[in-house]
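Below is one structure, written out as structure tokens; the observations come after it.
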Amino acid sequence: MSTEPPAPETPATEPPSTGHHCLVVYVPATHAEQVLRALGDAGAGRAGPYSHSAFVSRGTGRFTPLPGARPAIGEIGTPQEVDEVRIETLYPAAVREHVLQAMAGAHPYEVPAFATFPVHDRGPSFDEQGRLRSRPDPA
């Protein structure tokens, strides 16, 4: 019987990055097209032979402008609900600042709500353009 402590578990490693990031931004529905156009023109949303690609879903944005804010919508101290869209798009990490500046320039809010994060490698089943290398035969 061994008296040695068990070996520590090997920490999980993250898959390699693709060199792309994802941007998620919330925009009033009235300004969605101008933000989508600015993002695509800045290099976001390129997938193989396609440009300006994004996923867009509708929802309700909520916020309360505090003293010192200059709200594009609503008044200081009054809770707001706005018809908004969530835009998700991919972009090369090398153009991150250009894409974020384009987003901020086209966005009507003083402080846009957004997040960015790296996108992991899709694995060996997909080529560099994101196409499935071979399709399984239909059953």
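The values are calculated or read from the model by the stated rules, or taken from the named source; none is laboratory data. What you see is a predicted model; the values in this text were computed from it and never measured. Cβ coordinates were reconstructed from backbone atoms using ideal geometry, including for glycine residues, and neighbour counts include every protein chain displayed. Remember, those area values only see protein heavy atoms, side chains included, never the ligands or the DNA or RNA. Shrake-Rupley method; radii C 1.70, N 1.55, O 1.52, S 1.80 Å.
Of the accessible area of the chain, computed with a 1.4 Å probe over protein heavy atoms only, carbon and sulfur atoms account for 55 percent. Based on the reciprocal of the average 1/r between different C-alpha atoms, the Kirkwood radius for segment 90-139 equals 14.1 Å. Free of any GluC sites (Glu not before Pro) that DSSP assigns to a loop and that have at most 13 other C-beta atoms within 10 Å, the longest stretch within the chain is 10-74.
Enclosing the Cα atoms of the chain in their convex hull gives a volume equal to 254 cubic angstrom per residue. Converting phi to 3J(HN,Hα) with the Karplus coefficients 6.51, -1.76 and 1.60 and the offset θ = phi - 60°, segment 96-109 yields 3, 4, 4, 5, 5, 5, 5, 4, 5, x, 9, 7, x, 7 Hz in sequence order, with x at every glycine or proline. Amide H contacts for ALA113 (H built 1.01 Å from N in the peptide plane; partners 5 or more residues away or on another chain; cut-off under 5 Å): TYR26. Extension gain for VAL95 to ARG62 (0.36 nm times residue separation, less C-alpha to C-alpha distance): 8.9 nm.
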